[in-house]
Every structure is written in C-alpha cells, then in structure tokens.
1. For residues in segment 348-369 being open to solvent by 50 Å² or more (accessible area, probe 1.4 Å) and touching a residue at least 40 places away in the same chain (Cβ under 8 Å), which is farthest from residue 34 (Cα to Cα)?
2. Could you check, for segment 323-338, whether at least one of its residues is under 23 Å from residue 193 (Cα atoms), among the hydroxyl-bearing types (Ser, Thr, Tyr) and open to solvent by less than 30 Å² (accessible area, probe 1.4 Å)?
3. Quick test of your reading of the structure: residue 246 fulfils all but one of (1) touching a helix residue (DSSP H, G or I) at 6+ places or on another chain (Cβ under 9 Å); (2) over 24 Å from residue 353 (Cα atoms); (3) outside any helix (DSSP H, G or I). Name the failing condition by number.
4. Only residues that are of a type in the set (A, V, I, L, M, F, W, C), open to solvent by less than 40 Å² (accessible area, probe 1.4 Å) and not in a helix (DSSP H, G or I): list them for segment 370-406, please.
5. Of everything in segment 173-191 that's aliphatic (A, V, I, L, M) and surrounded by 14 or more Cβ atoms within 10 Å (Cβ to Cβ), which residue is modelled with the highest pLDDT?
6. Filter segment 204-225 for residues that are more than 19 Å from residue 157 (Cβ to Cβ) and either under 16 Å from the mean Cα position of the chain (by Cα) or open to solvent by 40 Å² or more (accessible area, probe 1.4 Å) (or both); which is modelled with the lowest pLDDT?
7. Assess whether residue 76 counts as being of a type in the set (Asp, Glu), without any contact (Cβ under 8 Å) to a residue 24 or more places away in the chain and closer than 30 Å to residue 316 by Cα.
8. Can you tell me which of (1) buried (at least 21 other Cβ atoms within 10 Å of the Cβ); (2) closer than 26 Å to residue 161 by Cβ is the one residue 195 doesn't meet?
Amino acid sequence: MTEMTLSRRQPSVWWGAMIICGTVVGAGMFTLPVVMAGAWFGWAMMLLLISWGGMLLSGLLFMRVSLTYPPGAGYDTLTKDLLGRGWAALNGLSILFVLGILTYAYISASGPVYQHSISQLGLPISTAEAKVLLTLCVAVVVWLGTTGVSRLMTFCVLAKILLLIVLFGGLLTQVNVPSLLSGPAAGERYWPYALGVLPFCLASFGYHGNITGLVSYYGGNKQNITRALVLGTLLSLALYLFWLTSTMGNLPRAAFPEIVKQGGDIAALMAALRAHLHVNALALMMSIFSHFAVIASFLGVTAGLFDFIADRLGFANSPVSRLKTASLTFLPPLLASIWWPNGFVAAIGFAGLFATLWAVIIPALLAWKSQQRCSLAVVLLLVFGAMNILAWLLSWFGVLPEFGGR
C-alpha cells in the first residue's frame with residue numbers, strides 16, 4: 001500500500017473513508033451488544049461516543065505528525081525518529097500483536113462460515129482448506145495495492161449497510177423503547193459494568209495502521225486525509241449505533257447472560273435474534289452479512305499489517321518485495337488459525353489492551369515530541385489511554401463485576 005497513486009487525479013475522499021470504515025466495522029461488532037449488556041444502552045452510547053472522539057483525535061494527531069515526513073514513511077519510522085529505538089521496539093511489538101492477532105481472529109472466525117457456504121454449493125471443502133482459500137484471495141488483493149483494497153472495501157461496506165437495513169430494519173420498527181431506556185431494577189446498578197466496556201470500544205475504532213498509507217494515497221493532502229478520517233469514523237459510529245439499537249431494543253437485558261454462557265460469539269447472538277425475527281430467509285441473510293463483515297475487517301487489518309511489516313523491514317515496493325511482505329503478513333496467522341482454531345473472542349478482548357499503546361498513547365507522545373509542547377489534546381489522549389489500561393487490568397484481576405458470568 002505504499003504506492004498509492006495510480007493516476008495524477010486526486011483520489012476521492014470516499015475511497016479513503018471506505019478503507020477506514022471497512023477496517024473499523026467488522027466481525028468485532030458482534031461482541032459489542034454482549035459486552036455492553038451489563039452497562040446497557042445509555043452507558044453503551046456514551047462510551048462509544050467517548051471512544052470515537054478519542055480514537056479520531058489520536059488519528060488526526062498521528063496524521064499531522066506523519067505529514068511532516070516523506071510519503072511512505074511508516075509508523076515504525078516515525079516512532080523511532082521521534083521517541084527512540086526503545087519506544088519503537090515496544091510500539092512495534094504491540095502493533096504486530098494487535099494486527100497479527102486480529103488477522104488470526106478473522107481467519108479463525110471466517111473459516112467455518114465460508115466452509116459451510118462453499119459446501120452448500122456442492123463443493124465439499126474442509127475448514128482448513130476454506131481458510132487457506134480465503135486468505136489467499138485477500139492476500140492477492142492486498143498485494144496488488146490500496147486501489148484494489150479500497151474498491152473491494154467500498155463494495156463490502158455498502159453491502160453491509162444494505163444488509164443491515166434489510167436485516168434489522170424490521171427490528172427498528174419493533175424496538176421496545178421502554179426496555180431500551182429502562183433503569184436498573186431495585187438493588188441493581190448499571191454503571192459498575194461501564195468501565196470494563198472501554199477496551200472493547202477502543203478496539204472497535206482501530207484504524208491507525210492505515211493512516212500512513214492514506215498519507216501516500218492522497219499525496220500528503222491534509223484536507224482530504226482529514227475528511228476521510230472523519231467521514232470513515234462517523235460512518236462507523238452510525239453503524240454501531242444502528243446495530244446496538246437493533247439488538248438491545250429487541251433482546252431484553254435478561255437474555256444476554258444465556259448468550260454469554262453459549263460463548264458470546266456470533267453464532268450465539270444470531271441464534272437469540274432469530275427468535276425475534278420470524279423470516280424464512282433470515283439465516284441466509286445473516287450468513288451473507290457475516291461474510292461481508294469479516295472480509296471488510298480482514299482486508300483493512302491486513303492492509304495495515306502489510307504496511308507496517310514493509311516499513312519495519314525496509315522492503316521495496318516491487319512485486320517480488322510485496323510478495324515477501326504478503327507472506328509474512330498472512331502465513332503466520334493462517335498457520336496459527338489452523339493449529340488453534342477457537343480463539344476469536346479471546347483475541348478481540350486482548351486487542352483492546354495492546355491497541356491502547358499504539359493507537360492512543362504513542363500518537364499522543366509523537367504529537368508531544370513533534371510539537372515540542374504538551375497540548376490539551378495530548379493530555380486528553382493520555383488520560384483516555386490510562387483509563388483503558390486501568391479498565392482492562394481491573395477486569396483481568398476480577399475487580400470489576402462481570403455480567404452474566406463472563
């Protein structure tokens with residue numbers, strides 16, 4: 001993705017926004033209603049808005065720092081130059097962990113789905129073979145460059161929006177507003193569950209690995225990059241709000257503990273929703289929706305990982321060098337997903353902690369160092385990052401309450 005401009009004409013802001021939205025909104029959205037059930041709708045909306053604001057701010061700060069470097073300079077180059085090799089090494093490990101584990105998660109989650117769909121077409125295939133086939137297809141698109149990624153991402157995002165409207169448009173007309181906006185029962189409170197939701201919200205707005213690619217894509221045009229980031233994250237926020245209103249408005253809070261007991265994954269949530277949507281074609285439509293949700297995030301995450309590996313190892317932009325980068329991007333997560341196939345939910349949870357470092361704290365420190373001053377934006381980001389780390393640690397050590405036995 002380092003060779004971004006295929007013509008002299010400035011690319012549309014829409015393509016960049018689709019890369020951001022496609023990266024952000026993916027299979028991870030299925031975990032949001034489950035992890036937010038304890039805090040419920042009001043707190044969920046507030047935490048999503050806070051996380052959106054924090055992640056957009058960090059992205060804009062990182063973009064400004066990136067614009068002071070030559071096109072093609074990646075995250076590792078900026079961190080090493082401004083913060084030193086120690087921070088660069090720590091940042092590199094966190095980026096590799098988050099993007100790598102998310103790549104693994106998407107391969108693991110999508111393999112069974114695609115295996116089932118392909119088998120229904122009369123082409124018997126194993127889950128491992130389905131993972132290999134899917135990974136190969138995505139790898140080819142990423143190897144070709146950002147133009148191909150953005151076009152396919154646009155198609156996936158538009159398909160997801162259409163399917164969301166078709167699938168859950170009926171749910172919106174059936175939303176139980178009193179239940180959605182209800183207060184806690186006597187002797188119960190929602191707010192103790194709120195803090196533990198923060199890392200999941202942060203992980204739901206991760207797109208920072210794509211920023212340096214967009215800087216090259218738009219030739220350093222600050223206005224277009226800013227518009228792409230704002231439009232992409234706003235569209236993602238709108239889709240999340242639509243999704244949470246549809247699910248929480250039709251599934252009572254008391255239904256979520258059973259979903260948690262069944263694993264809290266895509267299948268468990270969809271099974272619960274089927275009981276509220278009596279449509280014959282619902283299972284097929286949900287399967288199609290999950291296909292597009294996974295593939296969009298798969299593309300966005302791996303494109304960011306591809307850029308980082310190329311920058312870290314100093315690979316050129318020739319077809320052979322891009323093939324080497326693609327191999328390092330896709331082969332390790334693919335092999336891990338075949339050997340350890342059931343790590344989707346756990347991977348999403350861990351991603352939130354490590355994403356705090358490279359998507360919040362490092363951008364704040366880079367802006368601080370680049371501007372030679374600690375601005376209000378930097379302070380707010382550092383506080384936001386500290387809150388996320390605290391929330392994850394308190395959850396990990398069992399200090400925060402867990403709704404439904406999670």
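The values are calculated or read from the model by the stated rules, or taken from the named source; none is laboratory data. The structure displayed is predicted, hence computed values, not measured ones. Cβ coordinates were reconstructed from backbone atoms using ideal geometry, including for glycine residues, and neighbour counts include every protein chain displayed. Heads up: the accessible areas ignore ligands, DNA and RNA and are worked out on the full protein's heavy atoms, side chains in. Shrake-Rupley method; radii C 1.70, N 1.55, O 1.52, S 1.80 Å.
1. Going through segment 348-369, the residues open to solvent by 50 Å² or more (accessible area, probe 1.4 Å) turn out to be 350, 354, 368-369.
Pick out the ones that are also touching a residue at least 40 places away in the same chain (Cβ under 8 Å) and you get 350, 354, 369.
On the way: 350: 16, 354: 21, 369: 39 Å.
Per the stated criteria, the residue is 369.
2. The first filter runs over segment 323-338 and keeps only residues under 23 Å from residue 193 (Cα atoms), leaving none.
For segment 323-338, residues under 23 Å from residue 193 (Cα atoms), among the hydroxyl-bearing types (Ser, Thr, Tyr) and open to solvent by less than 30 Å² (accessible area, probe 1.4 Å): absent.
3. Here residue 246 clears every test but (3).
4. 400
5. Residues of segment 173-191 that are aliphatic (A, V, I, L, M), as a first pass: 175, 177, 180-181, 185-186.
Right, trim to surrounded by 14 or more Cβ atoms within 10 Å (Cβ to Cβ) and you get 175, 180.
On the way: 175: 74, 180: 80.
The selected residue is 180.
6. Checking each candidate, the answer is 219.
7. Working: of a type in the set (Asp, Glu): yes; without any contact (Cβ under 8 Å) to a residue 24 or more places away in the chain: no; closer than 30 Å to residue 316 by Cα: yes.
Here the answer is no, as residue 76 does not meet what is asked.
8. All conditions pass for residue 195, except number (2).
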